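One structure below.
The values are calculated or read from the model by the stated rules, or taken from the named source; none is laboratory data. All of these numbers come straight from a predicted model, not from anything done at the bench. Because the Cβ atoms are built from the backbone with ideal geometry, glycine has one as well, and the counts that use them run over all protein chains shown. For accessibility, only protein heavy atoms count, side chains too; no ligands or nucleic acids. Shrake-Rupley method; radii C 1.70, N 1.55, O 1.52, S 1.80 Å.
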Amino acid sequence: MKRSLALLVCILLMITLCGCANINDMKKNLEKAGYEITEMSESKIASLNSDMVYTYNGKGTIISGCYGTDKNGNNVFMVELTDRDDVTILYRELKSQLDNGQIIDIKGKVIVYGYADGVKQAIK
């Protein structure tokens, strides 16, 4: 019985860990596709968190962010958060601001948005 329970816990842990999106994996995908990656500064992340709290009544749980630029100057932005409610708030706000040819997607607690080709490259 103990072995069965331990095996079940291990399987659930593996599924949980494999299902999580990681911004670092997405950056690697973009780099392989020829994008140049630029990290967001700590002050930019702090500013975004302040906006999240004071403008959108969120918790301000952005922990990292970056953007990739391809050879044509098209950008793909990635923002990683720790709170699912903040993911929802930021997703809705960003989706309302997209230009033609841009899309937004969520993988785990990472929001990826920008030109369609780059978003697809990042989340594959």
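Residue-wise, which Karplus ³J(HN,Hα) couplings in Hz belong to the range 35-49, taking 6.51 cos²θ - 1.76 cosθ + 1.60, θ = phi - 60°, and x for glycine or proline?
Each residue's phi maps through the Karplus curve to give 7, 9, 9, 10, 7, 6, 6, 4, 5, 5, 5, 4, 5, 5, 5 Hz.
Multiply the residue gap between Asp105 and Ala33 by 0.36 nm, knock off their C-alpha separation, and tell me the result in nm, one decimal place. Mind showing how you got there, number by number?
Numbers: separation 72, 0.36 × 72 = 25.92 nm, distance 1.82 nm.
So the extension gain works out to 24.1 nm.
Leaving ligands, DNA and RNA out of it, work out the accessible area of Tyr115 with a 1.4 Å probe and give it in Å² to the nearest 10.
90 Å²
Going 7 Å from the Cα of Asn72 along its beta-carbon direction, which residues of the range 80-100 have the amide nitrogen within less than 16 Å of the resulting point?
99-100
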